[in-house]
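For reference, the structure is listed below as structure tokens.
The values are calculated or read from the model by the stated rules, or taken from the named source; none is laboratory data. Computed from a prediction, not measured in an experiment: that's the story for all the values here. When we count neighbours, we look across all protein chains shown, and the Cβ atoms used for this are built from the backbone with ideal geometry, even at glycine. To get the accessible areas, we keep the full protein, side chains included, count just its heavy atoms, and leave off ligands, DNA and RNA. Shrake-Rupley method; radii C 1.70, N 1.55, O 1.52, S 1.80 Å.
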Amino acid sequence: MKKQILTTVFASIAMAGMVAQTSSVPRLVVGITIDQLRSDYLHAFMPLYGEGGFRLLLEKGQVFSNVQYQHTPIDRASAIATIATGTVPYNHGIIAEEWMHRSELHTNFCVDDRQYKGVGTSDCSSPKNLLVSTIGDELKAATKGKALVYSVAPYREAAVLAAGHAADWAMWIDNQSGKWAGTTYYGQEPSWFRYVQSSGVSNRIASLTWKPTNESTGSYNYYLTTTQKPFSHGFTGDSRYRIFKTSGLVNEEVTKAARYCLENGNAGIDEVTDYLSICYYAGDFKGVAATTTELQDTYKRLDDELSTLLNKIDQLVGLDKTLIFLTSTGYDDIDNSEDFAKYRIPTGEFNINRCSTLLNMYLCAMFGNGQYVESYYGNQVYLNHKLLEQKQLKLAEVLEHCEDFLFQFSGVRDVFTAHRITQGAWTPGISSIRNGFNPKCSGDIIIEVSPGWNLVNEDRGTKKIQRDSFFEFPLIFFGYNIKAEQAATPVTTDCIAPTVAHHIRIRAPNACSSAPLFQKGI
């Protein structure tokens, strides 16, 4: 009898241990994406940082220093969609912030959706163009809707795409009003969101001035140039909120909103894992390359905000109960101010408008009169499929003629047709082009402009320098069950979603085929 009792006791203890082990998951996952974050800048400005932000993450986290995206081109929208879904634009559908709407012949912003009204904004938004599930979606499904999923970002596309389809709320700073905004797609706004709106930057923009945080900012010169100067930037005019969102001050507003979401949104308070996505900014100011001093101050302020955020998470949930990952959207060099010709560096301008006109004239000479080039956007050309059908022309044959013609233009390094991409004809670099292509929204022709040349669109008044330069950015896992480790092994951003899914014991997003990243001994 005594032996039977002992056996029962031991069995109960073993069962309790198994229950404790199987139910052990983070209470909260916080995904931090920093737009334009670069490893070289991150480390160059290290003397400016405190102990609780970047230093803490780099010293106590699992740090991957060699991280890349598998698609090109990369922008904020395609990058964040890739992080959230664990796959490339060919599968998730977000090839860029904007693309040409083929049937309506106008540009389509990636999260526009007239079906759902804006909350605190005139912009109507939803994730309808995101074709697959996200980390947050799978967490919602796995917990039968019990998990809370929130997203906070300065930018509409970042907030909505990171939130996914099943989130409880996504919020961003509206470009017109400066208020925190949302969309009715996610239902009724939370009661605490109204306080976030009332305390936003719109009430203070006239009195805000961006100045260096302290005298140390600007003392550490990363560039070859030795020019250092103080700065003072105010925010006025119709574009004041857009400009504000490219300044070092915007991250403080993001942290305030994220903290209030944590304090009042009930995330991380029970055993059901919740998810919070946060987007910060570490890029250029006013859409042009910032001087050394502004950039240093942006990183210094960002470090302060990370420290504040981590302290708040520790107070409310506990860092040991929270899984945090931090990465970048990659770096998009938008500085067009350099005069390469002055230094005899090969350069020039490739005009997509003129190219499209000449291409249409060429096709008319080949196949008879008609508007063969339906539209163009960025470096992509869209052909008139209905006209080709009427003339009983094979698309593959027409594209082959287009490819031969476009190769003759100065400044064209390569031409990728939809047929060449989808049929898998391999040449160096086509893999990343294919990953960034989606048959539903990409053009029929993608023109790769030579490095150093400017891609010009006269209709839109845009000019963008082409670069193939590689910029390093990190991926850091920190918190729950994460041991300090430095990993130089190359990894890709599509590994983030399955790694998070592994830690919280749910399925990876439904288009994700990458394996999770494991630590030694775990």
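In table form, for the structure just shown:
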{"quantity": "Charge dipole (debye, nearest 20) of the range 72-213; +1 at Cβ of Lys and Arg, -1 at Cβ of Asp and Glu", "calculated": "400 debye"}
{"quantity": "Alpha carbon convex hull of the range 114-194, volume per residue in cubic angstrom", "calculated": "86 Å³"}
{"quantity": "Magnitude of the charge dipole, the chain, Cβ model with Lys/Arg +1 and Asp/Glu -1, debye to 20", "calculated": "1180 debye"}
{"quantity": "Residues of the chain: accessible area per residue with a 1.4 Å probe, Å²", "calculated": "45 Å²"}
{"quantity": "Quotient of C-alpha Rg and 2.2 N^0.38 Å, computed over the range 86-133", "calculated": "1.23"}
{"quantity": "Signed unit charges on C-beta, dipole axis of the chain, positive-most listed residue Asn91, Pro474, Ile313", "calculated": "Ile313"}
{"quantity": "Protein accessible area in the chain, 1.4 Å probe - carbon and sulfur %", "calculated": "50 percent"}
{"quantity": "Only Lys, Arg (+1) and Asp, Glu (-1) charged, at Cβ; the range 315-406 dipole about Cα centre in debye", "calculated": "240 debye"}
{"quantity": "Cross-link table Lys312/Lys464; Lys117/Lys300; Lys140/Lys483; Lys144/Lys179; Lys60/Lys464, entries beyond 30 Å C-alpha to C-alpha", "calculated": "Lys312/Lys464; Lys117/Lys300; Lys144/Lys179; Lys60/Lys464"}
{"quantity": "C-alpha center-to-center spacing [the range 430-502, the range 296-332] in angstrom", "calculated": "22 Å"}
{"quantity": "Efficiency of FRET from Cβ geometry, Lys386 and Ala484, R₀ 51 Å, rounded to 0.05", "calculated": "0.30"}
{"quantity": "By average C-beta atoms within 10 angstrom, highest first, the peptides 340-350, 309-319", "calculated": "309-319, 340-350"}
